[in-house]
Structures are given as structure tokens and as C-alpha cells.
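The structure appears below as C-alpha cells.
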Amino acid sequence: MVPDAALIDPRTTTTMPAELTAATGIDALVHAIEAYVSTASSPVTDLHALEAVRRISASLPAAIRSPEDLRYRDPMMLGSMLAGLAFSNASLGLVHAMAHSLGGFLDLPHGVCNALLLEYVVAFNYESAAERYAALAQAFGVDVAGRPPHEQKRLLVDALHAFRASVNLGHGLRELGVKASDIPRLARNAFADPCVVTNPVQPTVADIEQIYERALETC
């Protein structure tokens, strides 16, 4: 459904439970990250994506702790809107492709699926878009200036893991009921998802299986 108009009012989010705030907040963050590294990105979507990352990363944990405080809900709402402007024009990537497959197959919350897959997809993609991920790291508040790419990658992946843990999404796929025997079907479905088209790396089904396996075995 595509509306003719949308009212962007952070007060409507103040009654959301913590779990929903975390899941939808991470989803918005992933919208921005994937739009920025998308092969269909542009200077306009880049501006929206980076500002969304700045606002969401700085505000989501506080919005969960203080759900009625508009000092945190306001930048979250604006960040979510900016991320939407970015990905609706630049599309998404492998995190969403894998989250669509996972959530649809096992009836899991979409934002939670994104949260548990993000760092593993970033690690897989990193070398193909290292400069873009470094810019995302800076927007996320991770100082990677002057560091070699492999260290920038480690710092960003570690920061993404710590961030999801800070919003009570630090568990792994196994805790959600995912089994190793599910992975081949999940990977085939993800491979066929349209979001793969604009991922900075074109993965094979085997690549996607390995990413699911990493997310299953670690947390």
C-alpha cells in the first residue's frame, strides 16, 4: 500500500513496547545501511541514509529506556523516515533478502531477523564496498579513520553486535528455533529475493548458506 500522504508524528510511537521499538528501530537502521551500500545508491539517497544512521544509532537505546521521551522518539521517527526515503529509491540488499526468507518461513518478526543477520552480511560484503562501510562506521560513531580496511571491518562488525545487544537483541538464530536443516531452504528462498539484485556482492546459494550458518552458531 502506497499512501498519498503520511503524517510523521513521534507521539504515536510512545506507547510501543520495548520489543517492538527495538525491532522496528533496527529495521530502519538496516534500511539506511543497505541503501547506502546498494548498487542503485545516489548522492541524494546517500545523504538520507547517513543521516538516518546518525540519528537512529544515537537514539534507539534511549528510546527504549525512556519510551515517552520525545527527545529520543523524535530523532527515531525522523531517522526512520530518512531511511525510508533512502531505500525506497536505492533499494536494499542481502540482509533483507535473508530476513524475508527467515521471517516468512518461521513466522519471526522482520526487524528481529534483520538484527540477527546484519553483522554477518556486513562482514561478507565489506571488501566490495569498504569505503562506503567506513563512512557508515563513522556515521554510527565508530572511529575508523586511518585504520586498515580489515581493522575497520572488525570495529564496525563488533559495534553492530554490541548495538543489537544493547537493545536486547543479542541472541542468535538458534534461540529463535532455527535449525541447521532449515538453512538450505532458507538460502534458496533468499537467493531468489529481489533485494539481492542491489547487494554490493552477488552471492551464491552456498554463500548465503554460510552466512546463515555463522548467524546460527554465534551470537
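For the range 65-73, indicate whether the set of residues that are assigned to a helix (DSSP H, G or I) and in contact with a Gly (Cβ under 8 Å, 6 or more places away or on another chain) is non-empty. No - not one qualifying residue is present in the range 65-73.
The set of residues in the range 198-219 being open to solvent by 30 Å² or more (accessible area, probe 1.4 Å), in a helix (DSSP H, G or I) and of a type outside the set (Gly, Ala, Ser) consists of VAL205, ASP207, GLU209, GLN210, GLU213, ARG214, GLU217.
Matching residues to (1) of a type in the set (D, E, K, R); (2) under 16 Å from the mean Cα position of the chain (by Cα):
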residue: GLU34; (1), (2): yes, yes
residue: ARG54; (1), (2): yes, yes
residue: TYR72; (1), (2): no, no
residue: ALA90; (1), (2): no, yes
residue: PHE105; (1), (2): no, no
residue: CYS113; (1), (2): no, yes
residue: VAL122; (1), (2): no, yes
residue: GLU127; (1), (2): yes, no
residue: ARG132; (1), (2): yes, yes
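Condition check for LEU116 on (1) of a type in the set (A, V, I, L, M, F, W, C); (2) more than 19 Å from ALA32 (Cα to Cα); (3) open to solvent by less than 20 Å² (accessible area, probe 1.4 Å); (4) in contact (Cβ under 8 Å) with a residue 40 or more places away in the chain: one failure, at (2). The residue pairs whose first member lies in the range 130-147 and is more than 16 Å from ALA35 (Cβ to Cβ), whose second member is open to solvent by 30 Å² or more (accessible area, probe 1.4 Å), and whose beta carbons are closer than 6 Å, counting only pairs six or more residues apart or on different chains, are ALA130/PRO149; VAL142/LEU155; VAL144/LEU155.
Let's see how each residue does on (1) assigned to a loop (DSSP other than H, G, I, E, B); (2) open to solvent by less than 30 Å² (accessible area, probe 1.4 Å); (3) among the small types (Gly, Ala, Ser):
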site	(1), (2), (3)
ALA97	no, yes, yes
LEU102	no, yes, no
HIS171	yes, no, no
PRO184	no, no, no
ALA187	no, yes, yes
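Any idea which of ALA28, ALA40 is part of a helix (DSSP H, G or I), under 18 Å from GLY93 (Cα atoms) and modelled with pLDDT of 95 or more? ALA28 is the lone residue from the list that is part of a helix (DSSP H, G or I), under 18 Å from GLY93 (Cα atoms) and modelled with pLDDT of 95 or more.
The values are calculated or read from the model by the stated rules, or taken from the named source; none is laboratory data. Every value quoted in this text rests on a predicted model; they were computed, and no experiment measured them. With ideal geometry, Cβ positions are generated from the backbone for all residues, glycine too; neighbour counts draw on all protein chains shown. These area figures cover heavy atoms from the full protein model, side chains too; ligands, DNA and RNA do not enter into them. Shrake-Rupley method; radii C 1.70, N 1.55, O 1.52, S 1.80 Å.
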